[in-house]
Amino acid sequence: MIKVENLRKSFGKLEVLKGITTTIKQGEVVAIIGPSGSGKSTFLRCLNLLEEPTDGKVWIGDQEITNRKTNIMKVRQNVGMVFQHFHLFPHMTVLENLTYAPMKVKGMAKAEAEAKAMELLRKVGLAQKANEYPSRLSGGQKQRVAIARALAMSPEVMLFDEPTSALDPEMVKEVLEVMKSLAHTGMTMAIVTHEMGFAREVADRVLFLDGGLLVEDASPSEFFSAPKSKRAQEFLEKML
Ligand code: ADP
Ligand code: MG
């Protein structure tokens, strides 16, 4: 579903991604782990062209998105993203947050968009909040709305950048539960996270980034019980 070949990204003279090659299969759930500043967010953002790679190639499905001829807007419709700080539209109700892009971008009729939005809100346990504004929701509720909003576009791939890092501890679980049930539907997911328990339980694979390099690409059981690199060992010692 996702193929990354020798991906490089520099900001000015700072080389943040130093040649990353990997593939993510359809339905696979991949946890991206690594120290702060290792390039995790940049990597994720290159997968939907929120950052333009400096070099290398990225495919989503059979589309090479790094090809200049590719329609970036089309790619983004197909790749949902959830951020640490939710990024909901504050002046829209929860329901409007979910129906906006399907109507505006896909030309979906209002009734259909609302029906789909309500179904998604039920799935994340927030149907009763449809007519609230985001400011009236807890962090965990906001993040569940953000997930539902991304799903409203029927993406084939979902990217998550530290979706629980800004949440109070008691709200982390409700968001991880939603992500876990999404994983069980067969969604292809790439998740930057510091939730090691979640990564171990839900991910099919772990990518460990350090200093802009993909240092390990392993199953969770391999990675957490016997990390091969010294850098991953040291990282895990600090985390666990
Ligand atoms: P992580 O998500 O693993 O913490 P990031 O991908 O956010 O790491 O950042 C990796 C490095 O790239 C950091 O040194 C960061 O300061 C730098 N960086 C990220 N985005 C930009 C940007 N837009 N301009 C300049 N430097 C950036
Ligand atoms: Mg980051």
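The values are calculated or read from the model by the stated rules, or taken from the named source; none is laboratory data. The structure presented is a predicted model; accordingly, all values stated were derived computationally and were not measured. So basically every Cβ, Gly included, is an ideal-geometry build from the backbone, and we count neighbours across all protein chains shown. What goes into the accessible areas is simple: the full protein's heavy atoms, side chains included, and nothing from ligands, DNA or RNA. Shrake-Rupley method; radii C 1.70, N 1.55, O 1.52, S 1.80 Å.
Only one of these is touching a Ser or Thr at 6+ places or on another chain (Cβ under 8 Å), among the β-branched types (V, I, T) and modelled with pLDDT of 95 or more: V30, V58. Name it. Outline the logic, then answer.
Details: V30 fails: touching a Ser or Thr at 6+ places or on another chain (Cβ under 8 Å).
Result: V58 is the single residue among V30, V58 that is touching a Ser or Thr at 6+ places or on another chain (Cβ under 8 Å), among the β-branched types (V, I, T) and modelled with pLDDT of 95 or more.
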*Considering only strands (runs of 3 or more DSSP E) fully contained in the stretch 8-118, which possess at least 3 residues that are farther than 25 Å from L176 by Cα and open to solvent by 50 Å² or more (accessible area, probe 1.4 Å)?*
14-24, 55-60
*asked:* Which condition from (1) of a type outside the set (D, E); (2) within 20 Å of P220 (Cα to Cα); (3) assigned to a loop (DSSP other than H, G, I, E, B); (4) within 16 Å of ligand 1 (Cβ to nearest atom) is the one that G186 breaks?
replied: (4)
*asked:* Just the residues that are surrounded by 15 or more Cβ atoms within 10 Å (Cβ to Cβ), more than 28 Å from L14 (Cβ to Cβ) and free of Cβ contacts under 8 Å to residues at least 40 places away in the same chain, please, taken from the stretch 219-236.
replied: F224
*asked:* Any residue at all in the stretch 144-157 that's open to solvent by 30 Å² or more (accessible area, probe 1.4 Å) and within 16 Å of ligand 2 (Cβ to nearest atom)?
replied: no
*Is at least one residue of the stretch 168-183 of a type in the set (G, A, S) and open to solvent by less than 10 Å² (accessible area, probe 1.4 Å)?*
no
_Looking for something in a helix (DSSP H, G or I), modelled with pLDDT of 95 or more and small (G, A, S) - is there at least one such residue anywhere in the stretch 158-168?_
no
*Restricting the first residue to the stretch 182-207 and requiring it to be in contact (Cβ under 8 Å) with a residue 12 or more places away in the chain and among the polar types (S, T, N, Q), which pairs with a second residue that is open to solvent by less than 60 Å² (accessible area, probe 1.4 Å) and outside any strand (DSSP E or B) meet a Cβ separation below 7 Å and a spacing of at least six or different chains?*
T188/M1; T188/G27; T188/E28; T193/E162; T193/A199
*Which residues, taken from the stretch 11-34, are at negative phi and within 7 Å of ligand 1 (Cβ to nearest atom)?*
F11, L14, V16
